[in-house]
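Written below as structure tokens is the structure these notes are about.
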């Protein structure tokens, strides 16, 4: 069976950055920054993205390209002993389950984005009842739009690597950048934006050593780069053999962190513009309103206050959010689909629909028990499972995978790699520092 492959470096960067750039960057990052001391959080996020997330991502890319397979098979392939193979299988299955669970809650939030994107059209057409239904929290709306979002993701993944993932990432990522820059320029010209900019860019260094800030920044780095669940490993397995992996990985990290930074430049000034229009932006606790309330209450109130222009700005903003959601969801769905196709020889089309239905079923269960499950699933997957799985991948790359095999894999894309800075630092770093730092940062959360 012919495996798919990205046709060029740019195609891979668009796809991997698309996987990394999701709602986690555009919604999670600015709200995390708002809650955790503004620029102090931004600084810690950048440090952890390059100190922890980049080396961990390189471990996934190298293992993926060397084994040319899904996460479960890949970790078993590089293991020589029976216990290592068993642990590799467990970590691989854990990654797939986590990817599926993330996609389940993600589909609900992304469904809200789609509903809010359609709302301005309903207003223009004078359909006030429909407009209200689209923006009000209800079981039918939540399940219906989650189904629509899963369906869109399934359509892209069932088309394969080149015709699905590559084609759509290469279209959606440039659109995302253009929309984002245009929205930033517009928001920064509004009254009140400068106060938001100060909140974002002037650090409160008294908070930089706070365990909450550090754990939050690490969770953000791992979630926004979709690490630990095998997305980068699977995408790595589709990279051409002659690509220089350390450079490609650095470009993906840079793109991802840049989008997160730009999202902050858009969202935090927008919050203060909203305050200028009379919208309440502080919660009872005294902190800035964050999370879903920010995206679905504060910003829509801001767009409403802008009059007719607000309809267009609101539409553009939720188109941006929907694009970010799709570029991430396709990589998460690819993790279990690639396993079904390769390990169980299931037809790709059938595998995609089957996994899509399972994800939708879990989304429906979360919708039915929203208060109990939604926050719980997010915490368990992004703050607990992802860092631990990523730590296990680092242990496999550092302790199980033969160092010489890794060097040969890297040499296929850069014959002088062993004389460069990356090879002098990374093998020791991923073996000792990465697992220890992830564990240390992770334990701060308890």
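Length gain on complete extension for the stretch residue 138 to residue 171, per 0.36 nm per residue less the alpha carbon to alpha carbon distance?
Fully extending the segment from residue 138 to residue 171 adds 8.6 nm.
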Helix 211-224 vs. the chain, principal-axis angle (Cα, 0 to 90°, nearest 10): 70
Crossing angle, helix 9-20 versus the chain [Cα axis fit, 0-90 degrees, rounded to tens]: 60
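Averaged over all directions, how much area does the convex hull of the C-alpha atoms of the chain cover when projected, in nm²?
About 20.6 nm², averaged over all directions.
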Choice from 147, 182, 351 showing the highest fluctuation, given a GNM over the chain with Cα pairs closer than 10 Å: 182
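Over the chain, what relative contact order in percent results from Cα pairs under 8 Å that are six or more residues apart?
Values: 706 pairs, mean separation 153.0, N = 446.
RCO, the chain: 34 percent.
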Residues in the range 40-77 that a label on residue 93 would reach, taking backbone N under 14 Å of a point 7 Å out along Cα→Cβ: 72-73, 76
Residue 419 paired with residue 121, simple spin-label distance in nm, labels 7 Å along Cα-to-beta-carbon: 5.8
Mean ellipticity per residue at 222 nm, deg cm²/dmol - from DSSP H runs of n ≥ 4 across the chain, formula -39500 (n - 2.57): -23000 deg cm²/dmol
Angle between the chain longest axis and helix 139-158 axis [Cα atoms, degrees, rounded to 10]: 40
Estimated inter-spin distance, residue 163 and residue 10, nm [label 7 Å along Cα→Cβ]: 2.3
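No lab work stands behind these numbers, since they all come straight from the coordinates. Given the structure is predicted, the values throughout are model-derived calculations rather than measurements. Note: ideal-geometry Cβ built from the backbone for every residue, glycine included; neighbour counts use all protein chains shown.
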